[in-house]
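The next block holds one structure in the form of structure tokens; read it before the comments.
The values are calculated or read from the model by the stated rules, or taken from the named source; none is laboratory data. All values reported here derive from a predicted model rather than from experimental measurement. Heads up, the Cβs are rebuilt from the backbone with ideal geometry, glycines too, and the neighbour counts pull from every protein chain shown.
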Amino acid sequence: MPPAPHSRPRLLCPRRLCHFHGLIFAAAALFCATLAPLSAKPKKNPAAPPAEVVELERLTVTDSRELPPPEEWSYTTIPGFEVLSNASTRASQRLMRDFAIFRDALGIVWPIQFRDPPPSAIILCGRNNAFAQFLPAPADPADARADATPVDIGRASLTLINREQGFIVMDLQTKSLDLDPSMLGMDVADTGLASFEIDHYAQLYREYVRYLLSQFGATLPPWFEEGLCQIIMKMDVDKRTIIFGKIDDPDDYPTSRGTGTGAGAGAPPLLAADDDDSGDSSDPGFIGNLTIDDRDFNIVLRRRALLNFKDFFGVKAGSPVAQNPLGNNVWAKQCQAFVHMCLFGTGGKYKKPFATFLTRCAKEPVTPELFKECFGKTYNRFLIDLRGYISFTSYTAQKVTITSGPPLLAGLPEMRVAGEGVSARIKGDALMIAGKPREALDTLRAASIRGDQTAPLLASLGIAAHAAGEDTRARKALETAVAGGTTRGRAYTTLARLHLADAQGELAPERLASILQLLFEARKLRPTLPETYELIAEAWARSSTSPKDEHLAVLVEGIRRFPREAGLVYQTAELATRIANYDGARTLIAHGLKITTDAPAVRERFASLQSTLPRE
């Protein structure tokens, strides 16, 4: 139940509301500037009464014949992650060992600690085309038509993450990918297919950096994410030394073999004819498959045209260009060049303006005026400087030598056979974030039917069933999971949402108390979810009794945690108005208007509520 009464709280100050959000980007800017379960017991299915023929058909154990056989996965844990793999044991162990060393090294050069990181897992897909099932479903059903561009083009790995969980999914089965030549700055008509050989270690490092950046709690610019990924994934690490920011020297490579696509004198060919190609080489217009390496910006971009900064900063996170940064993707390499120049180049003169620029990008759109205010140069002038940096790269990499303590080493983790309930839970939760609730439910049901009735699996099953529209099944699974002491916060909020949907009209005090009890249990669990507070506000809004100031203090706590959740701010402002706490309502409305500058319809709701308040 709500906390004990106390004096009327001072609800919020608009400056304090934005303080946490500012700290998020300050942490990213600081990096740029410094660089230094309880289980429920399995239940037996009771036999249905003989007269109930339909029930007999539903409960007869025929599902075991229709269900696909259990998949074979291995399992282990490393600090912060569960690991699920159907690749070979040796390949999984070596990848996880090197990943552990990489994480330790990154923690030295980027010593940022995150509060309440979500429960996370790494899924290594090594056979049976397992990776394909985790590719996110298209947001628009029209994109799923047969002639649409495949959503998996150029994908060898991906990060699936929400406020509650995070998954890094690796495709270890695929050794090379055919990339879209147009994204590599090449003429599609002249090049045919472009094949990229995958470095699975580097791709895991890339996804881990994306995972870490997601922990800032706000969306970072895609160009910054990609530039930082390009730099960090190539960090040199040995037992006692870490070199951060080093790039390839073009003079270390043989000269171009005359393919016409090289980076200039002294640089290797960016594209090399595949000697094993068996195409019809008698056709004078045939070029065949081309093999692409993944090289640094000073090689890739030396003879390539750069994107103008308007187009460069305009690339969205969900665009095909940002989703396919493998190989010598021109945008991705320009991201590396821009971030590298600002962090490591020109004697560090751009570090401070770059940190300012990154922080301001979180609050306002990138414009030529904003860019000039931060860097003191126009787009065109800075682009000329960037071109010079690409051609004559003068920089200082960061070198860290470990002089005391243990060296950077890690042993091979022990892999064991994963129980079906464990593998189904991890897979099902990842499929949910990928936007595939029906597939998630099928996976979880199979494990449940075969006997896993533990609280973790039932919590995931109930959440997936609700998302798939099967609320009866969801309610039963969630009630059992909650009774079994699940530590999954979304299980409590989903069950509370179902109870709210079942209730008709105003909530009586007893019904309100039972719903709030679920939500206050969710509030104790980590990571904290904004829907916990939103549902508390909804329950009070539907209550037959009005809340008191001490009840609103819980919602204020939620706003401090999630200052940009406009729905929660509006609900709390409405409740403050309902109990005549007009000062608190005004403060909340002012904050709501400030965070909804790009949402006219939402701003109109705040303005309408403001008009109902008495004059000060």
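Only one of the listed residues (R360, R416, R425) is surrounded by 15 or more Cβ atoms within 10 Å (Cβ to Cβ) and not assigned by TED's automatic domain parsing to the domain that holds R240. That residue is R425.
Scanning the stretch 361-384 for residues that are part of a helix (DSSP H, G or I) and hydrophobic (A, V, I, L, M, F, W, C), we see that the one that is modelled with the lowest pLDDT is C361. Scan the stretch 544-554 and give yes if some residue there is under 24 Å from R473 (Cα atoms) and surrounded by 17 or more Cβ atoms within 10 Å (Cβ to Cβ), otherwise no. No: zero hits. I want to confirm something. Restricting to the stretch 461-478 and keeping residues that are assigned to a helix (DSSP H, G or I) and of a type outside the set (A, V, I, L, M), which single residue is nearest to A447 (Cα to Cα)? Result: G462. Checking every residue in the stretch 247-259 against the condition of being surrounded by 17 or more Cβ atoms within 10 Å (Cβ to Cβ), modelled with pLDDT of 50 or more, in contact with a Phe, Trp or Tyr (Cβ under 9 Å, 6 or more places away or on another chain) and not hydroxyl-bearing (S, T, Y) gives at least one match. Among the residues of the stretch 488-502, write down those that are farther than 12 Å from L535 by Cβ and buried (at least 16 other Cβ atoms within 10 Å of the Cβ). R488, A491 - these are the residues of the stretch 488-502 that are farther than 12 Å from L535 by Cβ and buried (at least 16 other Cβ atoms within 10 Å of the Cβ).
One line per residue, one yes/no per condition, for (1) within 22 Å of D98 (Cα to Cα); (2) part of a helix (DSSP H, G or I); (3) modelled with pLDDT under 90:
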{"position": "D190", "(1), (2), (3)": "no, yes, yes"}
{"position": "Q203", "(1), (2), (3)": "yes, yes, no"}
{"position": "Y208", "(1), (2), (3)": "yes, yes, no"}
{"position": "Y211", "(1), (2), (3)": "yes, yes, no"}
{"position": "T219", "(1), (2), (3)": "no, no, yes"}
{"position": "E225", "(1), (2), (3)": "no, yes, no"}
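For the stretch 395-430, the tally of residues that are part of a loop (DSSP other than H, G, I, E, B) and under 28 Å from V339 (Cβ atoms) stands at 4. Residues in the stretch 130-156 that are modelled with pLDDT of 60 or more, surrounded by fewer than 16 Cβ atoms within 10 Å (Cβ to Cβ) and touching a strand residue (DSSP E or B) at 6+ places or on another chain (Cβ under 9 Å): A132 only. Taking the criterion of being surrounded by 21 or more Cβ atoms within 10 Å (Cβ to Cβ) and of a type in the set (S, T, Y), no residue of the stretch 222-246 qualifies. Determine whether the stretch 366-375 contains at least one residue that is crowded, with 17+ Cβ neighbours inside 10 Å, under 26 Å from the mean Cα position of the chain (by Cα) and not assigned by TED's automatic domain parsing to the domain that holds F99. There is no residue in the stretch 366-375 that is crowded, with 17+ Cβ neighbours inside 10 Å, under 26 Å from the mean Cα position of the chain (by Cα) and not assigned by TED's automatic domain parsing to the domain that holds F99. The set of residues in the stretch 313-337 that are part of a helix (DSSP H, G or I) and either outside the structural domain of K377 (by TED's automatic domain parsing) or closer than 30 Å to K175 by Cα (or both) comprises P320, V321, A322, Q323, V330, W331, A332, K333, Q334, C335, Q336, A337. Please identify the pairs in which a residue from the stretch 537-551 that is closer than 10 Å to Q571 by Cβ has its Cβ atom under 9 Å from the Cβ atom of a residue that is of a type in the set (D, E, K, R) and surrounded by 15 or more Cβ atoms within 10 Å (Cβ to Cβ), counting only partners at least 6 apart or on another chain. Going by the 9 Å Cβ cut-off, the qualifying pairs are A537/E574; E538/R497; A541/E574.
Given the criteria at pLDDT 95 or above and closer than 23 Å to L609 by Cα, does V569 qualify? Yes; evaluated as a whole, the condition is true for this residue.
Listed by position, the helices (runs of 4 or more DSSP H) enclosed by the stretch 42-127 that each have at least 2 residues that are surrounded by 13 or more Cβ atoms within 10 Å (Cβ to Cβ) and either modelled with pLDDT of 80 or more or touching a helix residue (DSSP H, G or I) at 6+ places or on another chain (Cβ under 8 Å) (or both) are 89-109.
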